[in-house]
1. Tally time: how many residues in the range 305-315 are over 18 Å from residue 98 (Cβ atoms) and open to solvent by less than 10 Å² (accessible area, probe 1.4 Å)?
2. Just a yes or no: is a residue in the range 85-92 among the charged types (D, E, K, R) and open to solvent by less than 40 Å² (accessible area, probe 1.4 Å)?
3. Within the range 264-304, how many residues are surrounded by 19 or more Cβ atoms within 10 Å (Cβ to Cβ) and acidic (Asp, Glu)?
4. Residue 1 is checked against (1) in a strand (DSSP E or B); (2) modelled with pLDDT under 95; (3) within 24 Å of residue 85 (Cα to Cα) and fails just one. What number does that condition carry?
5. When you scan the range 49-101, how many residues do you find that are part of a helix (DSSP H, G or I), farther than 19 Å from residue 171 by Cβ and within 22 Å of the chain's Cα centre (by Cα)?
6. Among the candidates 450, 443, single out the residue that is open to solvent by less than 40 Å² (accessible area, probe 1.4 Å), in contact with a helix residue (DSSP H, G or I) (Cβ under 6 Å, 6 or more places away or on another chain) and under 17 Å from residue 318 (Cβ atoms).
7. Which of (1) under 23 Å from the mean Cα position of the chain (by Cα); (2) part of a loop (DSSP other than H, G, I, E, B) is the odd one out, the single condition residue 139 does not satisfy?
8. Out of the residues in the range 501-525 that are in contact with a Leu (Cβ under 7 Å, 6 or more places away or on another chain) and in contact (Cβ under 8 Å) with a residue 60 or more places away in the chain, state the one that is least open to solvent (accessible area, probe 1.4 Å).
Amino acid sequence: METTLTLTGANLIAGKPSSQGQGSVQGVDPRNGTRLEPTYSEATAAEVRAAVAQASQAFRANRNRSPEEWATLLETIATEIESLGDTLVERVMAETGLPEGRVRGERGRTMGQLRLFASVVRTGDWVDARIETALPDRAPIPRPDIRSMLRPTGPVAVFGASNFPLAFSVAGGDTASALAAGCPVVCKAHPAHPGTSELVATAINRAVETGGFHPGTFSLVHGGGAEVGMALVRDSGITAVGFTGSLGAGRAIYDAAAARPIPIPVYAEMGSVNPVFVLPNALATRAEAIGKGLVGSVTLGSGQFCTNPGLVFAVDGPGLNEFAAALEEAVAACPVQQMLHKGIADGYDEGVANALATEGVTTLAAGVTAGGDGASSGAVAVPRVLQTDAGVFRKQPGLNQEIFGPATLLVVCRDVEEMTELAAGLEGSLTGTVHFDAGDLDAASSLFDAVEGVVGRVISNGFPTGVEVCHAMHHGGPYPSTTAPSTTSVGTRAILRFARPVCYQDHPSELLPSALRDENPLGILRMVDGSLTRDALS
């Protein structure tokens with residue numbers, strides 16, 4: 001049955017509406033510029049403090065909840081989101097301009113990752129329980145009983161992302177993995193989709209109430225500028241931060257967290273150019289197919305994916321002209337792209353203009369500038385392929401910066417050695433892609449080594465857009481793509497960001513967490529004296 005909700009325009013502090021601040025946040029339909037009701041109250045400093053205080057209380061109250069209870073909470077959140085039905089779909093479309101199919105697909109991904117984390121929590125093995133039994137007779141020094149496992153860090157601040165209003169937002173991967181670890185969440189809604197955020201937050205709060213969890217397990221605050229987010233990051237009750245967004249905002253949050261009297265980790269996913277490398281034999285034999293595929297990847301989602309391929313490197317030689325022609329033909333057929341909001345559209349235009357202002361950078365191809373697709377003249381972008389050579393690229397570090405939107409820069413290299421040299425000098429990215437054929441294998445080996453050093457995911461003969469939510473996925477990379485390259489924001493290892501190891505030495509059995517007790521009541525896989533087993537200790 002579909003749930004009907006009336007939007008309030010309020011912050012949701014431990015499940016209760018609160019509107020102490022001024023009404024300054026309002027959604028805008030990027031397709032036509034229409035302002036969407038209601039106007040949302042920006043959280044005051046007192047409301048932020050109250051949300052964090054409630055989260056701290058919830059952390060203590062929920063501490064002994066069973067894995068089954070946490071798993072059920074995640075599943076119930078998914079069910080509650082599903083019950084929002086078309087109300088949610090229509091609001092997302094109105095606040096983002098995204099087509100219905102994309103919204104329904106993202107909603108499915110959001111529910112899917114909540115249920116995936118539930119399965120991990122229910123199994124329980126993720127806590128990495130380790131037991132070294134006491135050896136009182138060991139010489140020359142007896143060994144004490146030592147046991148360790150991962151425990152939740154405490155309240156987590158999550159920032160909703162603009163480009164994924166569901167999957168990377170209020171109930172997205174950061175919130176799902178924090179709750180899976182046993183951490184309460186205070187979420188800062190993205191100001192571009194406040195109504196969507198309230199709907200999803202209400203679904204979470206209903207699940208919290210149904211499961212009998214402390215109401216401070218989840219809160220939502222609104223803010224149009226940086227003040228609310230910074231107040232949240234600086235609050236001493238917050239123990240970690242999850243963020244997806246721009247490099248500037250992510251770095252500011254990271255710096256604020258590091259400047260606290262007690263610094264905390266920030267897991268920020270930021271700018272990424274996701275380079276693509278086309279080796280000579282692949283270029284000579286598949287130039288047209290690679291060119292068309294690349295344009296499809298660049299324009300997917302109007303180029304507003306964190307894995308958008310913003311750089312492509314190819315060697316001057318057989319197939320290059322055909323590759324360039326394929327790029328021109330495919331881009332020329334692309335209509336103007338609807339963007340999520342005018343701020344992104346303006347940023348895209350500025351990024352393209354800055355690149356073209358660089359001597360030696362030209363436009364290889366551009367999409368149509370008007371007509372046909374129904375997009376407004378406001379929050380839109382024209383797809384583009386820009387072109388330069390390796391010499392210019394090497395001298396202009398600004399060309400290695402992300403242009404967020406449907407654009408890519410083709411860099412023509414003299415040979416594979418020059419391409420490999422450029423690859424090794426790139427800034428960190430989430431992904432790196434290499435197109436090669438059998439005749440390229442010798443050259444591919446050294447190139448892959450260089451690419452691996454600067455990215456978190458290496459892709460062979462494919463395109464980077466599209467991130468599978470699964471156990472093996474790593475969605476992270478060296479700075480500036482993330483602030484913590486050893487962690488992922490997608491996939492089940494994301495839960496590890498919000499947990500820390502705790503060791504118990506000669507601890508009373510009755511006070512141990514269930515995962516470390518002799519009888520192994522949870523039936524989880526544990527390392528006991530160096531061997532993995534699900535057996536109880538005899």
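1. 5
2. Among the residues of the range 85-92, at least one is among the charged types (D, E, K, R) and open to solvent by less than 40 Å² (accessible area, probe 1.4 Å), which makes the answer yes.
3. Residues that pass the stated criteria total 1.
4. Answer for residue 1: the failing condition is (1).
5. 2
6. 443
7. Going through (1) under 23 Å from the mean Cα position of the chain (by Cα); (2) part of a loop (DSSP other than H, G, I, E, B) one by one, residue 139 breaks only (1).
8. Among those residues, the one meeting the criterion is 515.
The values are calculated or read from the model by the stated rules, or taken from the named source; none is laboratory data. What you are looking at is a predicted structure, and each value in this text was computed from that prediction instead of being measured. Neighbour counts run over all protein chains shown; Cβ positions are idealised from the backbone, glycine included. When the accessible area is computed, the model is the full protein with side chains, heavy atoms only, and any ligands, DNA or RNA have been set aside. Shrake-Rupley method; radii C 1.70, N 1.55, O 1.52, S 1.80 Å.
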